[in-house]
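These notes are about the structure you will find just below.
The values are calculated or read from the model by the stated rules, or taken from the named source; none is laboratory data. What you see is a predicted model; the values in this text were computed from it and never measured. All Cβ positions, even for glycine, are placed from backbone atoms using ideal geometry, and neighbour counts span all protein chains on display. Please note that ligands, DNA and RNA were not included when accessible areas were found on the heavy atoms of the full protein model with its side chains. Shrake-Rupley method; radii C 1.70, N 1.55, O 1.52, S 1.80 Å.
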Amino acid sequence: MGYNVAIDGPAGAGKSTIAKLVAKEKGYIYVDTGAMYRAMAVHFLNKGIAPEDTQGIIDACEDAFVSIKYEDGVQQVYLNGENVTSMLREERVGNMASLSSAVPQVRQKLLELQRGLAEKEDVIMDGRDIGTNILPHADVKIYLTASVVTRAKRRYDELKEKGIDCDYDEIAHDIEERDRRDMNRETAPLKQAKDAILVDSSEMTIEEVVAEITRHCR
Ligand code: C5P
């Protein structure tokens, strides 16, 4: 059995940035489960399925196989044997992932992959339902959050930095919408596990958040 750190929280709380740094410091493998939902989303988009077409999504689960490999310690996601990692951050993919991840059959597809990795390796796994559902016996559970204003501001700065034109209010609205969907869905909604440590990063630097989390790890 690997040593397991679960890190859950809303979109834009900085889970992946933090988890990568903790993984490096502690020698864990970083598992990004959002990327797996995004790979499933690529499959649905490739098939021309609309995000609202639940039955189409369920049917398309039949021939979707997601797997991951590590190249120089970086997670690569494969969809039916093809490396789709470079497509995962596209806006349309994120949007499809946010909607299709509410479908139980989609979650079922990824459950074994996620549990199997945690069983074999020392991992820090980030997502929405890792501490509550995927790894209920994780050694450490973190619920990482930040205010909507902070998350929207970070995203805005990140896009501006890349020279991408964007609107703060639109970003904030988008974040609220994703929170609402993730927290209110019927299957595996986002919530803090009873035994999770709450870390609100609104007023913290990256270094402070990493220090706070590693303090709880073996
Ligand atoms: O974290 P990320 O934004 O990459 O996740 C993409 C989408 O996948 C999220 O909007 C969320 O709805 C879904 N997701 C999930 N369960 C996870 C990880 C992600 O439902 N464990």
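Hey, could you check region 4-45 for residues that are charged (D, E, K, R) and more than 10 Å from the ligand (Cβ to nearest atom) and say which is nearest to residue 63 (Cα to Cα)?
By that ranking, first place goes to 20.
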Original post:
Which condition number does residue 211 fail, the rest of (1) within 21 Å of residue 6 (Cα to Cα); (2) within 20 Å of the chain's Cα centre (by Cα); (3) of a type in the set (Gly, Ala, Ser) being met?
Top reply: (2)
Original post:
Do we have residue 136 as in contact with a Leu (Cβ under 8 Å, 6 or more places away or on another chain), more than 10 Å from the ligand (Cβ to nearest atom) and open to solvent by less than 70 Å² (accessible area, probe 1.4 Å) here?
Top reply: no
Original post:
Could you list, in sequence order, the residues of region 182-216 that are surrounded by 16 or more Cβ atoms within 10 Å (Cβ to Cβ), in contact (Cβ under 8 Å) with a residue 60 or more places away in the chain and assigned to a loop (DSSP other than H, G, I, E, B)?
Top reply: 185, 188, 190, 192, 193, 196, 201
Original post:
If you scan region 129-142, which residues turn out to be part of a helix (DSSP H, G or I) and within 17 Å of residue 16 (Cβ to Cβ)?
Top reply: 130, 131, 134
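Only one residue in 52, 62 is outside any helix (DSSP H, G or I) and not assigned by TED's automatic domain parsing to the domain that holds residue 147. Which one?
On the way: 62 fails: outside any helix (DSSP H, G or I).
Matching residue, one of 52, 62: 52.
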Subject >> Of residues in region 50-79 being free of Cβ contacts under 8 Å to residues at least 24 places away in the same chain and within 16 Å of the ligand (Cβ to nearest atom), the one most open to solvent (accessible area, probe 1.4 Å) >> reply: 74
**OP:** Please find, within region 139-169, the residue that is nearest to the ligand (Cβ to nearest atom) out of those that are open to solvent by less than 50 Å² (accessible area, probe 1.4 Å) and touching a Phe, Trp or Tyr at 6+ places or on another chain (Cβ under 9 Å).
**Re:** 152
**OP:** Tell me which residues, restricted to region 96-128, are among the small types (Gly, Ala, Ser) and either more than 9 Å from the ligand (Cβ to nearest atom) or not in a strand (DSSP E or B) (or both).
**Re:** 97, 98, 100, 101, 102, 116, 118
**OP:** Write out, first by first residue and then by second, each pair whose Cβ atoms fall under 8 Å of each other, whose residues are 6+ apart or on separate chains, and whose first residue, in region 160-180, is closer than 14 Å to residue 149 by Cβ while the second is modelled with pLDDT under 95 and assigned to a loop (DSSP other than H, G, I, E, B).
**Re:** 175/11; 175/12; 179/11
Subject >> Hey, residue 86 within 22 Å of residue 19 (Cβ to Cβ) and open to solvent by less than 60 Å² (accessible area, probe 1.4 Å) or not >> reply: no
